[in-house]
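A.B. asks: Structure in structure tokens, see below.
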């Protein structure tokens, strides 16, 4: 079956580094997405991984291991505005549908 | 338009009434998705339109839910005889099929059934 797991909530300190993990099980993998969603707003695209390895984009990096069904989103030099929910989604090969995790609420403290 | 536009942004309706939610995707995006997001839950797939192909309706939770997309652009999601469990944020996303990524979401419609 299809399943996406990520922690419900995490807390980190401004200026620090935080890693948000996502594990998945899917019948056919065709890419993994990370989205950021501030309360009451639309999800916005952060990263896309389809091959194993690390993709770096400014303060944000995303890692994928297809053999382990595992990804993480790494946020560096945390800022208060990074307080948001971070959604992990896996795209199915068969129909290009996205299967979404419930999201990780990240709380940044001064 | 520049982004995905949804209306209304908020809708409060009485149980048993019908509601229509509108999505205006990015111009030229051939793929359009409707999702539902309940508090503390992940996005739940409802329906997917791709060009002129028959829509994928596999996510619609009951026959009270229907959607159409006219002229390959604007889409309307209709919920008939609304129930309290229909209360959620309904999100629309569009995508240019030619790119690997680029699902752009609208700001959603917050539906409250009282």
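A.B. asks: Residue by residue through segment B:62-114, note down the ones that are within 13 Å of chain A (Cβ to nearest Cβ) and assigned to a strand (DSSP E or B).
C.D. replies: Going through segment B:62-114, the residues within 13 Å of chain A (Cβ to nearest Cβ) turn out to be B:89-110.
Across segment B:62-114, the qualifying residues are B:89, B:90, B:91, B:92, B:93, B:94, B:95, B:104, B:105, B:109, B:110.
A.B. asks: If you scan segment B:23-36, which residues turn out to be out of contact with any strand residue (DSSP E or B) (no Cβ under 7 Å at 6 or more places or on another chain) and either facing chain A (nearest Cβ under 9 Å) or touching a residue at least 60 places away in the same chain (Cβ under 8 Å) (or both)?
C.D. replies: Step one: list which residues in segment B:23-36 are out of contact with any strand residue (DSSP E or B) (no Cβ under 7 Å at 6 or more places or on another chain), which gives B:27-28.
Correct list: B:28 only.
A.B. asks: Please verify whether residue B:58 is within 14 Å of another protein chain (Cβ to nearest Cβ), in a loop (DSSP other than H, G, I, E, B) and surrounded by fewer than 18 Cβ atoms within 10 Å (Cβ to Cβ), treating the condition exactly as stated. Steps first, please.
C.D. replies: On the way: within 14 Å of another protein chain (Cβ to nearest Cβ): yes; in a loop (DSSP other than H, G, I, E, B): yes; surrounded by fewer than 18 Cβ atoms within 10 Å (Cβ to Cβ): yes.
Judged against the criteria, residue B:58 is a match.
A.B. asks: Would you pick out the residues in segment A:18-47 that are free of Cβ contacts under 8 Å to residues at least 40 places away in the same chain and buried (at least 19 other Cβ atoms within 10 Å of the Cβ)?
C.D. replies: Hits for segment A:18-47 are A:42, A:47.
A.B. asks: Output the strands (runs of 3 or more DSSP E) that fall wholly within chain A and possess 2 or more residues being touching a strand residue (DSSP E or B) at 6+ places or on another chain (Cβ under 9 Å) and either more than 12 Å from every other protein chain (Cβ to nearest Cβ) or under 24 Å from residue B:106 (Cα atoms) (or both), or say none.
C.D. replies: Numbers: elements: A:3-5, A:9-13, A:18-25, A:29-37, A:44-49, A:53-57, A:60-65, A:70-75, A:84-92, A:98-100, A:104-109.
Those strands (runs of 3 or more DSSP E) span A:9-13, A:18-25, A:29-37, A:44-49, A:53-57, A:60-65, A:70-75, A:84-92, A:98-100, A:104-109.
A.B. asks: Considering only segment B:61-80, state which residues are farther than 15 Å from residue B:21 by Cβ and surrounded by 13 or more Cβ atoms within 10 Å (Cβ to Cβ).
C.D. replies: To start, the set of residues in segment B:61-80 that are farther than 15 Å from residue B:21 by Cβ comprises B:62-63, B:71-73.
Residues satisfying the conditions are B:72, B:73.
A.B. asks: When the residues of segment B:37-50 are narrowed to those that are outside any strand (DSSP E or B) and in contact with a strand residue (DSSP E or B) (Cβ under 6 Å, 6 or more places away or on another chain), which ends up farthest from the other protein chains (Cβ to nearest Cβ)? Step through it out loud before you land on a result.
C.D. replies: If we filter segment B:37-50 for residues that are outside any strand (DSSP E or B), which is where we start, we get B:38-42.
If we keep only those that are in contact with a strand residue (DSSP E or B) (Cβ under 6 Å, 6 or more places away or on another chain) too, we end up with B:38, B:42.
Details: B:38: 10, B:42: 4 Å.
That would be B:38.
A.B. asks: Which one of the conditions (1) within 14 Å of chain A (Cβ to nearest Cβ); (2) surrounded by 20 or more Cβ atoms within 10 Å (Cβ to Cβ) does residue B:53 fail to meet, given that it meets all the rest?
C.D. replies: Just one mismatch for residue B:53, condition (2).
A.B. asks: Quick test for you: out of B:63, B:56, pick the one residue that is modelled with pLDDT of 95 or more and out of contact with any helix residue (DSSP H, G or I) (no Cβ under 6 Å at 6 or more places or on another chain).
C.D. replies: The conditions single out B:63.
The values are calculated or read from the model by the stated rules, or taken from the named source; none is laboratory data. Fair warning: this is a prediction, and the values are worked out from it, not measured in the lab. For neighbour counting, all protein chains shown are included, and Cβ atoms are generated from backbone atoms with ideal geometry for every residue, glycine included.
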